[in-house]
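Asks: The structure's right below; bear with me while I get my questions together.
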Amino acid sequence: MTRRQVRRDGVTLSYLDGGTGDDVIVLLHGLAGSGQEMAPTAEALIPDYRVIAMDQRGHGHSTRRPTDLSRRAYVEDVVAVVEKVSSDGPVTIVGQSMGGHTAMLFAAWHADLVHRLVLLEAGVGGGEDDYPARLGDWFASWPVPFADLESATDFLGSTPIAQAWLRDLDRRTDGLWPRFEPEVMRATIAAVADSARWDEWQRIKVPTLLVQGENGTMAATEVQRMLSLRPDVSHVVIPDAGHDAHLEQPAAWVHALRTFQAMA
């Protein structure tokens, strides 16, 4: 895949671009991830599709400390990339976790740019606990810079998401750094948690696939309400997978994507 970029309102948006053809799939990673995390998914789809894996603002190779971390800013970034890469029609937008929330709002606010919507372990947002603060505190606890890959592995562990972070560390002269800032992550997820977007969810008319990990983090009540309000939505549960099902069970995840794309 080739790394490219586009500028919007002073923010650099980096993305990986691979494959050819008129069918374009845009992949959006979750909080603290990057387009590189979605590269295995992209590579599995590239033989048949053109695939774009974005680094959302504040993540990866995109602008690290953008001023605007609102949900609107994240969505308009996707618009800028889609208008850059797809002049032949709407795209399939796929998002995991926070990226799925971005994808959902994109589909609600820019219906003309969307052909299909896929959400992986992603719902309507909102929440009443302090999970944005807890996440921000955890990211701030990382003892960076890591001296080397071994010390980073000792701290982060060997889970699939940890391995994705390890592969994407920024190698600087003083050591290894994550490709995000903790305070940016805290503000970003706080915007997701600010309110539940049920109106936007019901506004979406394009074919939609909701994918969960069997051991994921989505509340059963939220999933039930999402499917009740939109009974047309396809629903897949990936066995032996959690919140990061795309990394934990990649074959099952890609199969779900391909099956959905092939539907009339």
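The values are calculated or read from the model by the stated rules, or taken from the named source; none is laboratory data. None of these values were measured; they are calculated from a predicted model. For neighbour counting, all protein chains shown are included, and Cβ atoms are generated from backbone atoms with ideal geometry for every residue, glycine included. We work out accessible area using only protein heavy atoms, side chains counted, and drop any ligands, DNA or RNA first. Shrake-Rupley method; radii C 1.70, N 1.55, O 1.52, S 1.80 Å.
Asks: Taking the highest mean first, how do the peptides 185-193, 219-227, 250-258 order by number of other beta carbon atoms within 10 angstrom per residue? Intermediate values should be presented prior to the final figure.
Replies: Working: 185-193: 21.4, 219-227: 13.3, 250-258: 17.6.
Listed from highest to lowest mean packing, they are 185-193, 250-258, 219-227.
Asks: Moving on. Tell me which label goes with the value of Rg and Dmax of the Cα atoms in Å computed from the coordinates here: (1) 18.5, 57; (2) 16.4, 47; (3) 17.3, 53.
Replies: Computing Rg and Dmax of the Cα atoms in Å and matching it to (1) 18.5, 57; (2) 16.4, 47; (3) 17.3, 53 gives (3).
Asks: What is the angle, in °, between the Cα long axis of helix 250-262 and the longest principal axis of the Cα atoms in the chain? Nearest 10 is fine, range 0 to 90.
Replies: The angle comes out near 30 degrees.
Asks: Positive end of the dipole of segment 63-217, charges at C-beta (+1 Lys, Arg; -1 Asp, Glu), about the Cα centre: which of 176, 106, 82 has its Cα farthest in that direction?
Replies: Farthest towards the positive pole: 82.
Asks: Which residues in segment 156-174 have a backbone N closer than 17 Å to a point placed 7 Å from the Cα of residue 215 along the Cα-to-Cβ line?
Replies: 157-163
Asks: For residue 237 paired with residue 149, estimate the spin-label separation in nm (one decimal), with each label point 7 Å from Cα along the Cα-to-Cβ line.
Replies: Going by the 7 Å Cα→Cβ label model, 3.8 nm.
Asks: Using the crude model of +1 on Lys and Arg Cβ and -1 on Asp and Glu Cβ, and no other charge, please compute the dipole size for the chain relative to its Cα centre, in debye to 20. Intermediate results must be reported in sequence, preceding the final value.
Replies: Numbers: 24 positive and 36 negative charges, 126 e Å.
Value, rounded to 20: 600 debye.
Asks: Something else: What whole-number value in Å² describes the accessible area per residue of the chain for a 1.4 Å probe?
Replies: Numbers: 11330 Å² over 264 residues.
I get 43 Å² per residue for the chain.
Asks: Here is a further query. Full extension from residue 229 to residue 4: what is 0.36 nm times the residue separation minus their Cα-Cα distance, to one decimal in nm? Let's see the in-between values first.
Replies: On the way: separation 225, 0.36 × 225 = 81.00 nm, distance 3.83 nm.
Gain in length upon complete extension: 77.2 nm.
Asks: What nm value, rounded to one decimal, do you get for the distance between residue 255 and residue 138 when each label is placed 7 Å out toward the C-beta?
Replies: Placing both labels 7 Å beyond Cα along the Cβ direction yields 2.9 nm.
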